Amino acid sequence: MNWVDGHCDVLFKMWKDPINHSFTSEQSALDVTWPRIKQSRVSLQVFAIYIPQRVPRSGTWEVALRQVDYFYERIVRKNGPLFHVQSQHDLLQIGRGIPAALLALEGVDALQGELAYLRILHHLGLRQVGLTWNYANEAADGVLEGRNGGLSNFGWQLVKEMERLSMILDVSHLSVRGFWEVIQQARTPVMASHSNCRALCSHVRNLTDEQIQALIQRQGLMGVTFVPQFVHNDPQKATVDDLLGHVERVCSLGGEGILTFGSDFDGIDHKIPGLEHAGHWDHWWNALIKRYPESLVYQWAFGNAIQFYERFLPAVKG
Ligand SMILES: [Zn+2]
């Protein structure tokens with residue numbers, strides 16, 4: 001089986017500690033490595049730029065560029081292991097059996113209120129943007145910001161620019177109010193790259209049934225995620241079976257056609273037993289195939305996400 005993984009934090013770890021986070025080494029401290037991607041047949045891995053809150057605002061842009069540099073130097077560089085997908089045309093490479101990488105941004109703090117910085121990252125191949133991490137920034141409130149604000153004027157300028165550039169908007173981490181504003185007013189494609197179901201696990205990072213239904217109506221994408229805190233109210237107890245419950249819930253709402261996966265590997269310290277790194281996708285396949293027909297599992301592992309990107313990435317790199 002081939003997989004699409006909608007979210008990982010490899011670039012953040014490389015920036016934090018480049019020595020111990022080799023992408024190609026078998027001994028790497030990373031969860032997502034080239035040997036594991038190859039072993040699990042991950043066809044498309046999304047790599048997020050993430051800047052931790054402790055970086056002062058004035059330093060965020062440089063940190064983002066350093067992470068882009070790691071993406072180019074270690075992951076997609078000429079003859080590097082993965083092919084950098086930036087357009088519909090590029091997706092053809094996946095069909096030819098070449099594993100690919102897509103560049104995303106988790107929180108626009110690094111843009112420092114500058115639309116020009118979004119355009120520069122777009123030129124560097126950025127295609128998917130989450131407006132916030134968990135807290136507020138110039139664009140919007142994150143989901144842990146108690147006041148639950150929506151998008152700011154800058155947030156809307158950013159969304160308009162993303163519409164113009166055909167960029168994908170990721171609503172994982174966004175405040176509930178921000179989510180609904182985006183659903184009602186943004187014309188960008190919308191996805192939640194790594195979120196589960198609030199009805200089964202009450203963490204605020206998870207989506208309510210109404211939010212999931214809105215993503216379905218919007219023909220978006222929802223990446224069920226392996227983060228134990230988002231799987232079970234007692235994260236220590238989270239199992240593969242609990243994760244299957246989230247898959248079942250999305251399906252029961254009519255979401256078979258938007259379901260995909262966003263592991264959050266390298267962004268989490270604790271793991272679901274058996275789903276601990278990118279070499280474990282086979283375990284997830286074995287669990288899914290016991291409950292669902294192969295054609296459906298194929299859609300969730302690969303088809304839904306690939307069709308989404310085929311529909312919404314720009315036709316050619318421009
Ligand atoms: Zn995240």
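The values are calculated or read from the model by the stated rules, or taken from the named source; none is laboratory data. Bear in mind that the values here come from a model prediction, so they are computed numbers and not experimental data. Quick reminder, even Gly has a Cβ in these numbers, built from the backbone with ideal geometry, and neighbours come from all protein chains shown.
Has region 200-218 got any residue that is in contact (Cβ under 8 Å) with a residue 12 or more places away in the chain, among the aliphatic types (A, V, I, L, M), over 27 Å from F23 (Cα atoms) and within 16 Å of the ligand (Cβ to nearest atom)? Yes, the conditions are met somewhere in region 200-218. For residues in region 278-295 being surrounded by fewer than 18 Cβ atoms within 10 Å (Cβ to Cβ) and not charged (D, E, K, R), which is farthest from S25 (Cα to Cα)? In this case the residue turns out to be P293. Residues that are surrounded by 18 or more Cβ atoms within 10 Å (Cβ to Cβ) and more than 13 Å from D170 (Cα to Cα) were ranked within region 182-199; the one that is nearest to the ligand (Cβ to nearest atom) is N196. Considering region 272-309 alone, what residues qualify as being in a helix (DSSP H, G or I), in contact (Cβ under 8 Å) with a residue 12 or more places away in the chain and of a type outside the set (A, V, I, L, M, F, W, C)? Correct list: G279, H280, D282, H283, R291, Y298, Q299, N304, Y309. One residue alone among R164, R177 is more than 15 Å from the ligand (Cβ to nearest atom), surrounded by fewer than 23 Cβ atoms within 10 Å (Cβ to Cβ) and either among the acidic types (D, E) or without any contact (Cβ under 8 Å) to a residue 24 or more places away in the chain (or both), and that residue is R164. The requirement of being on the phi < 0 side of the Ramachandran plot, at pLDDT 95 or above and within 16 Å of the ligand (Cβ to nearest atom) is not satisfied by V159. Taking every residue in region 68-84 that is surrounded by 15 or more Cβ atoms within 10 Å (Cβ to Cβ) and pairing it with any residue that is in a helix (DSSP H, G or I) and at pLDDT 95 or above, at least 6 positions away or on another chain, the pairs with Cβ-Cβ distances below 6 Å are Y70/L11; Y70/M14; F71/L11; P81/W34; L82/I75; L82/V76; H84/V76. Residue check: is D264 at positive phi, within 16 Å of the ligand (Cβ to nearest atom) and of a type in the set (D, E)? Yes; evaluated as a whole, the condition is true for this residue.
Hey, any hits in region 71-85 for a residue that's away from the ligand (no atom under 16 Å from the Cβ) and in a strand (DSSP E or B)? Steps first, answer last, please.
Within region 71-85, the first condition is being away from the ligand (no atom under 16 Å from the Cβ), and the residues that meet it are 71-85.
This time we only want the ones that are in a strand (DSSP E or B), so: 83-84.
Checking region 71-85: at least one residue is away from the ligand (no atom under 16 Å from the Cβ) and in a strand (DSSP E or B).
Taking the condition of being among the acidic types (D, E) and either more than 16 Å from the ligand (Cβ to nearest atom) or within 15 Å of Y72 (Cα to Cα) (or both), how many residues in region 96-119 meet it? Give the derivation first.
First, the residues of region 96-119 that are among the acidic types (D, E): 106, 109, 114.
Those left that are additionally either more than 16 Å from the ligand (Cβ to nearest atom) or within 15 Å of Y72 (Cα to Cα) (or both): 114.
So the count comes out to 1.
Quick check on region 120-135: of everything there that is aliphatic (A, V, I, L, M) and buried (at least 19 other Cβ atoms within 10 Å of the Cβ), which residue is farthest from the ligand (Cβ to nearest atom)?
L121
Return yes when D269 is among the charged types (D, E, K, R) and either part of a loop (DSSP other than H, G, I, E, B) or free of Cβ contacts under 8 Å to residues at least 40 places away in the same chain (or both) and no when it is not. Here the answer is yes, as D269 does meet what is asked. Scanning region 41-57 for residues that are free of Cβ contacts under 8 Å to residues at least 60 places away in the same chain, buried (at least 24 other Cβ atoms within 10 Å of the Cβ) and in a loop (DSSP other than H, G, I, E, B) yields a single hit, I51.
For G255, the criteria (1) closer than 30 Å to S25 by Cβ; (2) assigned to a loop (DSSP other than H, G, I, E, B); (3) more than 16 Å from the ligand (Cβ to nearest atom) hold in every case but one, which is (1). Would you please name the residue that is farthest from the chain's Cα centre (by Cα), looking only at residues in region 217-229 that are over 22 Å from D242 (Cα atoms) and not polar (S, T, N, Q)? It comes out as R218.
For region 151-205, the set of residues classified as farther than 23 Å from G262 by Cα and in a strand (DSSP E or B) consists of L151 only.
Of the residues that make up region 4-13, is at least one free of Cβ contacts under 8 Å to residues at least 24 places away in the same chain and more than 16 Å from the ligand (Cβ to nearest atom)?
To start, the set of residues in region 4-13 that are free of Cβ contacts under 8 Å to residues at least 24 places away in the same chain comprises none.
No, region 4-13 has no match at all.
A64 - would you say it is over 15 Å from the mean Cα position of the chain (by Cα), closer than 16 Å to V129 by Cα and within 16 Å of the ligand (Cβ to nearest atom)? Write out each step before concluding.
Values: over 15 Å from the mean Cα position of the chain (by Cα): yes; closer than 16 Å to V129 by Cα: yes; within 16 Å of the ligand (Cβ to nearest atom): yes.
Yes; evaluated as a whole, the condition is true for this residue.
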